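S.K.: Mind having a look at this structure? Questions to follow.
Throughout, read-outs are computed from the coordinates displayed, never taken from laboratory work. For clarity, every value in this text was computed on a predicted model and none was experimentally measured. Quick reminder, even Gly has a Cβ in these numbers, built from the backbone with ideal geometry, and neighbours come from all protein chains shown.
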């Protein structure tokens, strides 16, 4: 269906998101921080990015801004620890910097898949659905 880049410094969360997304028929790449995400992004631009906000090396907000500048129509889902006021502020900032949608952790599977489907549907309607994968 789609090529999705999942960016989070928590290995267990990346593994869980990968499993959910692959069961839904998507191809998934993983990055542990924004620096690695940008390396992967430059090699093969994904159809969708799901990124944490607070990470070592390069945070999600900076990564979102750089990806948005390079690919203005790329759907980006930002996620952050949801229970705290700080998490809400980070998600609000991510939305202002170009995140298409935001999700507060912990994320339920149905919530994740609904956000992914909505982002991919809007990209397809905008004509961004024909992607060529480079080796």
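S.K.: Provide the FRET efficiency to the nearest 0.05 for the residue 3-residue 42 pair, computing r from the beta carbons and using R0 = 22 Å. If you can, show how the numbers build up before the last one.
M.R.: On the way: r = 14 Å, r/R0 = 0.65.
The calculated FRET efficiency here is 0.95.
S.K.: Between residue 104 and residue 23, what FRET efficiency comes out of the Förster formula 1/(1 + (r/R0)^6) with R0 = 25 Å and r the beta carbon distance, rounded to 0.05?
M.R.: Numbers: r = 22 Å, r/R0 = 0.90.
Using R0 = 25 Å, I get an efficiency of 0.65.
S.K.: On full extension of the chain, what length is gained from residue 96 through residue 113, given 0.36 nm per residue of separation minus the C-alpha to C-alpha distance? Before the final figure, lay out each step's value.
M.R.: Values: separation 17, 0.36 × 17 = 6.12 nm, distance 2.25 nm.
Roughly 3.9 nm would be gained on extension.
S.K.: Please find, in a Gaussian network model of the chain (springs between Cα atoms separated by less than 10 Å), the residue of 53, 20, 77 whose mean-square fluctuation is greatest.
M.R.: 20
S.K.: Please give the peptides 44-51, 92-99, 67-74 ranked by average Cβ packing (other Cβ atoms within 10 Å per residue), highest first, as a rough proxy for protection. Display every interim value, and only then the final one.
M.R.: On the way: 44-51: 22.8, 92-99: 17.6, 67-74: 14.9.
Highest to lowest by the protection proxy: 44-51, 92-99, 67-74.
S.K.: I've got another one for you. Show me the ranking of peptides 9-16, 28-35, 113-120 by mean Cβ neighbours inside 10 Å, starting with the highest. Working shown, then result.
M.R.: On the way: 9-16: 14.1, 28-35: 19.2, 113-120: 17.5.
Highest mean packing first, the order is 28-35, 113-120, 9-16.
S.K.: Quick one: of the DSSP bridges fully inside the chain, what percent are antiparallel, nearest 5? Numbers along the way, then the final one.
M.R.: On the way: 0 of 18 bridges.
Antiparallel bridges: around 0 percent, rounded to the nearest 5.
S.K.: Further question: Report the relative contact order of the chain, percent, no decimals, based on alpha-carbon pairs under 8 angstrom and at least 6 residues apart. Present the calculation step by step, with values, prior to reporting the outcome.
M.R.: On the way: 228 pairs, mean separation 28.6, N = 135.
The normalised contact order for the chain reaches 21 percent.
S.K.: Per the helix-only calculation at 222 nm, which mean residue ellipticity applies to the chain, given -39500 (n - 2.57) for every DSSP H run of n ≥ 4 and division by its residues, nearest 500 deg cm²/dmol?
M.R.: Working: 5 runs with 63 residues, N = 135.
Computed mean residue ellipticity for the chain: -14500 deg cm²/dmol.
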